[in-house]
Every structure is written in C-alpha cells, then in structure tokens.
Amino acid sequence: MSKRARPSATRKKAHRFATLRKRRQEEPYLFEAIERRQRQQQARLIALRAGFRDHARAADSIENRREEYVEIARPVPSTAIPPAILTAIAASFVAPLVLAIVGGTLKPAPAPQVARSHASPVHVTGTNASAHSHVANTFATATVGRTHPTSTFGGTHVARANSFAREQAPPATHGARANASARPPAAPASNRPSIGGRFIASLLQSIFGVAPQSTPATAHRKVSSTRVAFKPMPASHAATTPAKRLLPSPWSLSADGTWVASLAAPASMPGAAFSASTGQLIERERSAVAPDGATVTIGWSRSVVVNISSQGQTLTKTLPAPDAGIEAFDVAAAAVGPHLVDVGWTPLDASAQVSGYEIFRSSGEGERPELIATLPATKHSYHDSGVEPNARYRYSVAAETSEESIQASALVVQTPGALPSASAGAVSGKGMFLYFSSLAGDPRNFHHYNPIRVVAEAQRTGIHVLELRMARGACTMAQTQAAHAWLDELIDAAASANIKLLAWTVPRRATTQDLAETIAAAEYVTPSGNGFDGLALDLETGDNYMGDGPKARERMVQYIHDVRAATGPHYLIVATVASPRFGNQSDYPYAGIAHYADVLQPMEYWHYFDEAAHHEYGRGEVAGAAAAAVTQTRQLAGRDIPVNVAGQSVALEGTDAPSGREIRWSLDASKSGGAIGETFFDWAGTGPDAWAAIQAFDW
C-alpha cells in the first residue's frame, strides 16, 4: 500500500494563517451578537410575563411555561439534614479528639503550595491619549476616561468586547517564575492556627469540601500591586495581539501614524524659544490659558533632544525613543469631519518585517468588519472618506508579517453632523477681515470689538461678509469663556443683520490635529443656532505658516484636499492664496488648490510692491495690480473660478496705510475686472479715510 503524501510545512503554515484570518474576520461580532440575543430574549421574556398576567387562565401547563419563560422558580429546599452530613459532623468531632488523645498534641498542617499561572498578560492597543485637539478641541483626542458597559454571560461578569490593557506592569519574567515555584514563608508561631481553629477548619472542609484561607501577618506577605486600565477593541484581537510593556512615555500615537510629544516651558521662562535635534518642532501660539509650549512630531522611533531657552536660561530635555516593537503595536482613529475619519498606527521597527497592512471598518454596532484598504509596509495612516455624518465606526488594523498577523483596534469614533451648503455668492461684494485674540493686553483682544457696534458699522459701510479669524494651526482664538460669549454675541448679531460669516483659519501643517481645529471652526454654532457660512483657508508659505519649499506646496494641496473630504462637496471653501504679482510665485500650487476650492482670494496688498516709506501710489499701479490679480489668478487656477480679491486697508510691516482714493481705485478695478468681491485686511487698523472710501463705493 502506498503511503499517503504528507502536506509540506509551507502548506500547513499557509493553512494555519488562513484559518486564523477567517477566525479574525468572523469572531469580532460574536460578543455583540450574543448581547443582542440576550437583550431580545429579555424583552421577549418581559412581554411573555406581561401576557401571562393578562391571560393566566389560558396558560397550558408547567412544561409549556418552562419553555416560554426560560426561568421558573426553583423548588424550596428541604430543611431536613441529609444523613451524609450528620455522619461527617460526627466524624469531625470524633477524629480530632482521637488524634489528640493518641498523639498528645495537634501539629499544624504545612501551608499549601500556591500554584500561579505563567501566562503572560494579554494587552490590547488603544487610541491616542492626545486628544490635544478639539476633535481636536476634539479630534483628542484625545478620548481618555470613557466608561464602557459590561455584559454578564452565565453569571460571569465579562468585560465588553472592546477591553484592552492600556497601562500595565512589565510581563512576568524570571522574578515571576521564581515566585511561582517558591513555597511561601512559614508564619510565625503567634500567627499559627489554634487547635480550635484547625478543628473548625476540618469541620467546614468535611461538610462543604472547602477549606478557609488563612491570611498571614502583613509583615510576612508580599503584595504585588498592578494598576490596569481597560479600553475598547474587538474581542477577536485579544487572542492575536501580543503581550506588551507600556512604560511611561512622553509620546502619544496620532491618527496620522506619527508620534507626538507636547512640551511646556516653566513659568520662570516667559517667551521661551524651542529647538529640537530631530523631528518636526512647531511652537504653539501664545495662549491665555496655557504656558508657552511646543509639539515635536516624529515618523519613526528615535530619541529627541529639545532645548528651551529664555532670557539667558537654557533647559534641555531628552525624549526617549518610543517603543516600535511588535508588542507596542497600536491604532488611533479620529473623526475629522462629517465625511472623513483619519486612522493611524504604530510605525513598527524594521525588525518586525511587516509586508503590509490591512485596514478593517465596522459600523461600531456589532456588524461584521469589512476590509476597506490594503497598504504597503511604508504607510502608517489612512484617510477614510467613505463615512457618513452622524455615524459610529470602529477600525482595526492587521500588520502582516512573515510569521503572524498582528492586530490592534481603536476606540469607536462618532462623525459629526453634516455642514450646511452655501454658494460662492455668499462672499460677493465688500468684506472685511476681523482678527481677534483672547490674550490680555493684546491690541486685538476681543474686548476692543463691541459686537453690536461692529455689526452696525458693517451695515453702515455696506460690508456684506466678515471673515473671523478662528484658529491658527491647532490653536483656537476663543480660548476663554468670556471670549466664547463675545463670539456668540457677534455671530448672532451678524445673522440678525444678514451679514455672511466665514471662519478664517491659518493652517500650519496638514495634520489631523490642525485639520480638526479648522473643521471645529466650521462646525461652531451659538446657543441660538447660528454659525458660519463657509471656511476661509489662509494658505501661505513661511515658518509661521505651511513651511517652505516643495513640502510646503504639497502640504497646501493636501490640506485643502482633506478639508474638502471632511466637509463634503457642497460646503463653501474660500482659499486665500498668494498674489501672482508678488515675488516669484511660479511654483505656487494655484491649480492644485483651485481643484478643491469654490473661491480663490489672492492677497493683493499693493503697498508691498514698493516698501519705501511714503511712496505715492498712482491709479495705474493700484488699479493695474487689482485687475491683474483677478486675471492671472484665474489663469493659474486652470479654470474659470470665482475670485474675491483680498485688499489692503492698513499699514503692513512698516508700509504706509493706503489712502481712501487708493481703496476706491482697487474696488473699481476689482469689480470691473470680474471679481465677485473684495475683502480688506483688516478691521482693527482701518482708518476713517478708508472706511469712508469703502462706504462710498457701491458693490
């Protein structure tokens, strides 16, 4: 008889991996399905009981009720003592007396040896504890400290499917193994059980089969205390995610698939400057509620040295490299807007030999996870634009290696509601930028702008649209309760006067946290239900903006792409762009930005063309600049896009403020050149002559 061919090791391995994948895909919804079934059974049980009370006479029999009601009352136990127990009690009394008589004394039994499990703790990944942003104020987020319900199965209290250790002590190693085999130290004589105590213990063990556990003195026992916090993730991941050590770390995983650390300067170092040995460092905007600080972002694991300097003082901090091993694999997700969720995961070390990643999404209500993307090993984030407003989603990521599939999951995220739609006509006519802050002593502090007077002045001068600066990078402008109250009053007053409002933001990087702040501004609504008609994105180059060089240009396009994906196709987006006539703008990405914008707004600040003080500008210079801005912006955009000119009404960086006649020339040239409107920068510095010129021009 011929021998049956044995499958090769490779085939067996492949079959095992296929089985594991199948189990991973099928098991996540089991716990929630069981919960749903239990809830349905409970509801059915309540309904049946109610029906039984109404139709008791129609009940069939004890057997039928047993099937219908699942639970029936247990029979009352008999109070008679069984003979076996009586015999055990007698034996328990007689046996110790016989031993005491024969042996003369009762010796304590040796303490039982404790058996301990050598199983390593199973850890599950979690989300970014930085909900530093809103979302980001929120997106932040963070996120941490949520309470998750539990379910009871068969009398056993089981944590809901999404439980993973977030903080845990290092796994048991040689110390734990030594303790597992070592015999506990003998208790001193003063703590040994008495003859009566041992007799009662023997009696209880004879009757019930359970021996009470004695507790040695505190001074003679070792106590190991471990604080463990739990967070949600699908149950199937618990079996496939390796145990991991989570040590205190300054880093948090972002939904961009990067590590972010936040630093703050001591109170004794005002106006501190920050620098980093590597990574991307961005100093935070000055805040009314937080000290000076900075964020450091790295895309792969390495240590970073940060220097903080102020008034001759220097402070050095070293941030250790974050853990990038398989045991640290983690996932973070953030709902950026109604139509966009960002998902990021740990950039694993090269030693993990990851061949690719699989991203799964479920509705967050127990439905079966769906594979939505397969990405190469070089990618560590995913933008999911296939989501709906006001919906819950859960994401998990599988890292495929040559040996196994490593899995992790993020918390359930909730997308916000849909944003209102508006046309480009909302920014037609004359407009004004209004830049406010929450900083005490700042000349632009919100206290300097009385909402009622602002709206009255806008009505008097024919201003149809106000662009309110709401955020710079990940920093919001309304930082205090008083600032929010002022903002609500201004928005409500503008709505009553039918003045359109744009949320003006200044992006600094194309990150989830920065995006979340912009979308939070778009979503802002007062208690009266009034909000913004659209967004105005100030896309500029420079250290305080999107940076310099090719990367900055890529960030600009990526940023407005993500904003469009998050807000949806019908939300009004105005892109404030560089003037085609200022400097060398041949590589500025007008066409890339115009692809996602509804309106382009070139910053035609003509006093920059000749920065000599007191230069007298003629009509040809001013009108020619405004008309050319409209024509050239459309040409560079590559399509017939509406243009709203950003004009100048204040002195900028040492240049004089334009005269009233210059403003009239600019308005006339912009309107005749085909612009839909002109918005002036900005409210605080505009003088009486400029206001009179704006009021006199009809648009």
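The values are calculated or read from the model by the stated rules, or taken from the named source; none is laboratory data. Not measured: the values here are computed from a predicted model. Note that we place each Cβ from the backbone using ideal geometry, even for glycine, and neighbour counts take in every protein chain shown. In case anyone asks, the SASA skips ligands and DNA or RNA and just uses the protein heavy atoms, side chains included. Shrake-Rupley method; radii C 1.70, N 1.55, O 1.52, S 1.80 Å.
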Criterion (within 20 Å of Thr541 (Cβ to Cβ), modelled with pLDDT of 95 or more and not aromatic (Phe, Trp, Tyr)) met by exactly one of Ala693, Ala646: Ala646
Given the criteria open to solvent by 40 Å² or more (accessible area, probe 1.4 Å), among the polar types (S, T, N, Q) and outside any strand (DSSP E or B), does Ser249 qualify? yes
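Residues checked against (1) part of a strand (DSSP E or B); (2) within 17 Å of Ala516 (Cα to Cα); (3) modelled with pLDDT of 95 or more:
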| site | (1), (2), (3) |
| --- | --- |
| Val343 | yes, yes, yes |
| Gly356 | yes, no, yes |
| Phe360 | yes, no, yes |
| Gly366 | no, no, no |
| Leu371 | yes, no, yes |
| Thr374 | yes, no, yes |
| His383 | yes, yes, yes |
| Val387 | no, yes, yes |
| Tyr393 | yes, no, yes |
Test Gly279 against the criterion of being open to solvent by 30 Å² or more (accessible area, probe 1.4 Å) and on the phi > 0 side of the Ramachandran plot, and give yes or no. yes
Scan the stretch 647-681 residue by residue and report those that are under 14 Å from His607 (Cβ atoms) and part of a loop (DSSP other than H, G, I, E, B). Ser649, Val650, Ala651, Leu652, Glu653, Gly654, Thr655, Asp656, Ala657, Pro658, Ser659
Consider Tyr559 against the criteria (1) closer than 21 Å to Lys671 by Cα; (2) surrounded by 19 or more Cβ atoms within 10 Å (Cβ to Cβ): it satisfies all of them except one. Which criterion is unmet? (1)
Ala510 fails exactly one of the following numbered conditions: (1) under 26 Å from Gln414 (Cα atoms); (2) touching a helix residue (DSSP H, G or I) at 6+ places or on another chain (Cβ under 7 Å); (3) modelled with pLDDT of 95 or more. What is the number of that condition? (3)
Pairs only if they're at least six apart or on different chains, beta carbon under 7 angstrom, first in the stretch 394-418 and of a type in the set (Phe, Trp, Tyr), second part of a loop (DSSP other than H, G, I, E, B); list them, first residue then second. Tyr395/Ala410
Every residue from the stretch 516-546 that is assigned to a strand (DSSP E or B), hydrophobic (A, V, I, L, M, F, W, C) and under 19 Å from Val599 (Cβ atoms): Leu535, Ala536, Leu537
Among Ala552, Ala485, which is under 30 Å from Ala288 (Cα atoms) and either open to solvent by 50 Å² or more (accessible area, probe 1.4 Å) or in a loop (DSSP other than H, G, I, E, B) (or both)? Ala485
Per-region count, the stretch 397-432, residues open to solvent by 10 Å² or more (accessible area, probe 1.4 Å), outside any loop (DSSP other than H, G, I, E, B) and of a type outside the set (A, V, I, L, M, F, W, C): 5
